[in-house]
Amino acid sequence: QAQWSGGGTYDPQGGVCHQAGGGYSVPNSMQGGSRQVALDYWGALSVDLAPGGSSGAVRNYQSRGSAEKAAVKVCGTAHCEVAVSYKNSCGAVASGEGSIISAAVDENPTVAERKALAGCNKKSPRTCLLWIKASCSGVGY
């Protein structure tokens with residue numbers, strides 16, 4: 001791959017220009033130019049609901065399935081489950097008494113955390129805490 005002045009790289013085998021901001025261009029020889037293609041970045045959060053259970057968070061994967069699989073692996077136990085997956089945004093998880101969890105997604109990490117806590121408090125008032133702080137995937141995070 002070669003560096004170019006725009007801060008990205010060029011892959012001559014694939015004929016793709018990867019831009020510094022996360023997008024890429026595919027040359028379009030028919031029109032003498034290139035077309036811009038936005039990339040989607042996936043993240044996922046996983047939890048083990050057993051007392052003292054663990055959690056996992058991953059970000060910037062190219063597919064939902066790969067992000068979810070990685071989050072379960074990072075969580076590290078046989079009982080880990082995906083709590084939420086998200087694309088080009090942020091996810092957070094709150095938990096309360098009795099294995100109550102609430103996951104939320106928003107473009108703003110603070111809002112994702114607030115939504116997770118609000119959802120948990122509806123199920124288990126005054127016992128909820130943020131379990132996984134907002135984790136974000138995508139350009140600009």
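The values are calculated or read from the model by the stated rules, or taken from the named source; none is laboratory data. Please read these numbers as outputs of a predicted model, since none were measured by experiment. Because the Cβ atoms are built from the backbone with ideal geometry, glycine has one as well, and the counts that use them run over all protein chains shown. In case anyone asks, the SASA skips ligands and DNA or RNA and just uses the protein heavy atoms, side chains included. Shrake-Rupley method; radii C 1.70, N 1.55, O 1.52, S 1.80 Å.
Miscellaneous remarks
- Test for GLY76: is it within 13 Å of the chain's Cα centre (by Cα), farther than 13 Å from GLY43 by Cβ and surrounded by fewer than 16 Cβ atoms within 10 Å (Cβ to Cβ): no
- Hey, VAL72 part of a strand (DSSP E or B) and not hydroxyl-bearing (Ser, Thr, Tyr) or not: no
- Within region 79-88, the set of residues being over 15 Å from TRP131 (Cα atoms) and buried (at least 20 other Cβ atoms within 10 Å of the Cβ) comprises SER85, TYR86.
- Identity of the residue in region 46-62, open to solvent by 50 Å² or more (accessible area, probe 1.4 Å) and polar (S, T, N, Q), that ends up nearest to SER95 (Cα to Cα): ASN60
- Flag for ALA104 being part of a loop (DSSP other than H, G, I, E, B) and among the hydrophobic types (A, V, I, L, M, F, W, C): no
- Matching residues in region 118-141 - criterion: being open to solvent by 40 Å² or more (accessible area, probe 1.4 Å) and either out of contact with any strand residue (DSSP E or B) (no Cβ under 9 Å at 6 or more places or on another chain) or under 18 Å from GLY56 (Cα atoms) (or both): LEU129, LEU130, TRP131, LYS133, VAL139, GLY140
- Pairing residues of region 29-50 that are of a type in the set (Val, Ile, Thr) with residues that are modelled with pLDDT of 50 or more and not in a loop (DSSP other than H, G, I, E, B), at Cβ distances under 6 Å and at least 6 apart in sequence or on separate chains, gives VAL47/SER55; VAL47/ALA83.
- Members of region 108-139 that are of a type outside the set (S, T, N, Q), assigned to a loop (DSSP other than H, G, I, E, B) and more than 16 Å from SER85 (Cβ to Cβ): PRO125, ARG126, CYS128, VAL139
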